[in-house]
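The next block holds one structure in the form of structure tokens; read it before the comments.
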Amino acid sequence: STRVLTGITTTGTPHLGNYAGAIRPAIVASRDANVDSFYFLADYHALIKCDDPTRIQRSRLEIAATWLACGLDVERATFYRQSDIPEIPELTWLLTCVAGKGLLNRAHAYKASVDKNVETGEDPDAGVTMGLFSYPVLMAADILMFNAHKVPVGRDQIQHVEMARDIGQRFNHLFGQGKELFTLPEAAIEDDVATLPGLDGRKMSKSYDNTIPLFGSAKQLKDAIARIVTDSRLPGEPKDPDSSHLFTLYQAFATVQQQADFRAELLAGLAWGEAKQRLFELLDNELGEARERYHALIAKPADLEDILLAGAAKARTIATPFLGELREAVGLRSFR
Ligand code: TYM
């Protein structure tokens, strides 16, 4: 069987980009009888970007409720919090000891911080923590711990999955004695949603404040859609679907037939206001039921706790013995 694994960092409220890029493909994959799936809340990763405990706690709850509301079957999938698996930070250290500093110097997130400091004339490492620098090693541990083959992610995470591959390969080479200790993972990208645009056309991202929250109220959804930037063509004038991120957003959630119809309407001069109404109806329709489930779930944090603890116990039936093997492989064996 194939192992599929992915995580979401618990620093904010899940948005449509997280859903289309990771959650939806992951849930679809988990329904395949030949797939073993591992989905988790990356709450150790959250500490890298956020020092607000209240926000992290809230986000963990929101993201847990989101996966379940979107239809994840926790009997089939293994669903857990990263911070409930102590084997992950332990594996992170084993991997840190073989991960090249040169490799990590090239990580986008770290480089972006350094480049910004250089531009503004600051010390290059100002504000850069060791957490940010070693972020890809922790992510490699997440993936390699469960020998995942496929990692459904948006385009922004491809580099991290490739680094996990490099680090895993190096570890296999050094300690595998000819056998593959780790499976080498691959990113699984859905081409048409690899980078879902936000309200302003840039990548939808918390850091650009251009997101559409996945489970906002119908009113919040409508208000967000009203903020989508469009060109200045008037009602009746033909619109170009291929240069419109409103169309890209529509496309990510519509059937092939709906896409063709909407394209034809835009070309025939549909007003942007009408176009926004169409997108609202499409999304409200796709998300409405899940939104209700989400609100019911989030009102019962103790139930979510039970589900996540059961998931962690299940994950550890794999992680604990595997870490034992890895410890032996590097020379940390019992004397007995
Ligand atoms: P994070 O929390 O930033 O994002 C979660 C997932 O959502 C995807 N995504 C998008 N996809 C398409 N269009 C967008 N606009 C968009 N915005 C976000 C991301 O690509 C990601 O798949 N480091 C990871 C979390 C992580 C992880 C892992 C993922 C930790 N360990 C192991 C996979 C495997 C992150 O910060 O994602």
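Residues that are assigned to a helix (DSSP H, G or I) and more than 10 Å from the ligand (Cβ to nearest atom) were ranked within the stretch 25-49; the one that is nearest to the chain's Cα centre (by Cα) is ILE27.
Per the listing VAL4, VAL28, VAL35, the residue uniquely over 17 Å from GLY216 (Cα atoms) and surrounded by 21 or more Cβ atoms within 10 Å (Cβ to Cβ) is VAL4.
Residue count for the stretch 113-124, restricted to those that are exposed (fewer than 13 other Cβ atoms within 10 Å of the Cβ) and over 25 Å from the mean Cα position of the chain (by Cα): 7.
Counting the residues of the stretch 140-163 that are out of contact with any helix residue (DSSP H, G or I) (no Cβ under 7 Å at 6 or more places or on another chain) and more than 20 Å from LEU181 (Cβ to Cβ) gives 4. Take the residues of the stretch 155-174 that are modelled with pLDDT of 95 or more and of a type in the set (Lys, Arg): which is nearest to the ligand (Cβ to nearest atom)? That would be ARG165. Here the stretch 175-204 is the region considered, the condition is being more than 11 Å from the ligand (Cβ to nearest atom) and polar (S, T, N, Q), and the residue that is surrounded by the fewest Cβ atoms within 10 Å (Cβ to Cβ) is GLN177. For the structure I just gave you, tell me whether CYS70 is in the same structural domain as GLY131 (by TED's automatic domain parsing), in contact with a Ser or Thr (Cβ under 7 Å, 6 or more places away or on another chain) and not aliphatic (A, V, I, L, M). Here the answer is no, as CYS70 does not meet what is asked. Among the numbered conditions (1) assigned to a helix (DSSP H, G or I); (2) near the ligand (Cβ under 9 Å from one of its atoms); (3) closer than 30 Å to VAL128 by Cα, the only one that ARG60 does not meet is (2). Within the stretch 1-24, the set of residues being over 15 Å from GLU62 (Cβ atoms) and more than 9 Å from the ligand (Cβ to nearest atom) comprises SER1, THR2, ARG3, VAL4, ARG24.
The values are calculated or read from the model by the stated rules, or taken from the named source; none is laboratory data. Computed from a predicted model, the values in this text were never measured in an experiment. Here the Cβ is made from the backbone with ideal geometry for all residues, glycine too, and neighbour counts use every protein chain on show.
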